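The values are calculated or read from the model by the stated rules, or taken from the named source; none is laboratory data. Note that the structure is a prediction, hence the values are computed from the model and not measured. Positions of Cβ are generated from backbone atoms using ideal geometry, with glycine treated the same way; all protein chains shown enter the neighbour counts. Side chains are part of the model used for accessible areas, which takes the heavy atoms of the whole protein and leaves out ligands, DNA and RNA. Shrake-Rupley method; radii C 1.70, N 1.55, O 1.52, S 1.80 Å.
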Amino acid sequence: MEKWYLMTAVVLLGLTVRWTVSLNSYSGAGKPPMFGDYEAQRHWQEITFNLPIKQWYFNSSDNNLQYWGLDYPPLTAYHSLLCAYVAQFINPDWIALHSSRGYESQAHKLFMRATVLIADLLIYIPAVVLHCCCLKEISTKKKIANALCILLYPGLILIDYGHFQVHPCCCKWDDFVFSG
């Protein structure tokens, strides 16, 4: 594709908007007992890291499904597990079974926001760029415009970076792969 510098500018703009939105607060910040979707994402890391896979989706004394039970398909759970391994390396308190419930700190918020950005950099953004570049019979200008519209789509940005409900696109992929 000609004019790669324009696609690069679109990607950088998308990343800048994402990170700018992530600098704000999130739903449920400092509001016990559930603490919002930030806590749901943190808790899913706690569960996937500390419990065997066969216990992730079942109620037990270690996994109270009424408290942010893991209710997304397996791909999202494995994403939480991968993030939990990194969290364990940085600060084990972030995902300690039971005692980490309601954990909030600036360092952990930065970590959680960074996991979303890294997932976007490794999976979502390359997929968008590849898709737009492979569109047949349209001009380079339209390919770049398509990428711009997709990467600046406010719904995903606000959900992933503002509201803290990480990657509904993983769920869509799970539904496609596991629906049979």
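Within the set Ala119, Ala107, Ala114, Ala87, the sole residue that is open to solvent by less than 80 Å² (accessible area, probe 1.4 Å), under 29 Å from Gly30 (Cβ atoms), without any contact (Cβ under 8 Å) to a residue 12 or more places away in the chain and not in a loop (DSSP other than H, G, I, E, B) turns out to be Ala114. Selection of the stretch 5-39 for residues being under 25 Å from Cys134 (Cα atoms) and surrounded by fewer than 12 Cβ atoms within 10 Å (Cβ to Cβ) yields Tyr5, Thr8, Leu12, Thr16.
In this structure, Leu82 does not qualify as aliphatic (A, V, I, L, M), touching a residue at least 60 places away in the same chain (Cβ under 8 Å) and open to solvent by 60 Å² or more (accessible area, probe 1.4 Å). Is it the case that the stretch 42-49 has a residue that's β-branched (Val, Ile, Thr), on the phi < 0 side of the Ramachandran plot and in contact with a helix residue (DSSP H, G or I) (Cβ under 6 Å, 6 or more places away or on another chain)? Looking through the stretch 42-49, at least one residue is β-branched (Val, Ile, Thr), on the phi < 0 side of the Ramachandran plot and in contact with a helix residue (DSSP H, G or I) (Cβ under 6 Å, 6 or more places away or on another chain). For the stretch 53-67, the criterion of being in a helix (DSSP H, G or I) and modelled with pLDDT under 95 is met by no residue. Of all residues in the stretch 45-59, those satisfying the criterion of being open to solvent by 10 Å² or more (accessible area, probe 1.4 Å) and among the hydrophobic types (A, V, I, L, M, F, W, C) are Phe49, Leu51, Ile53, Phe58.
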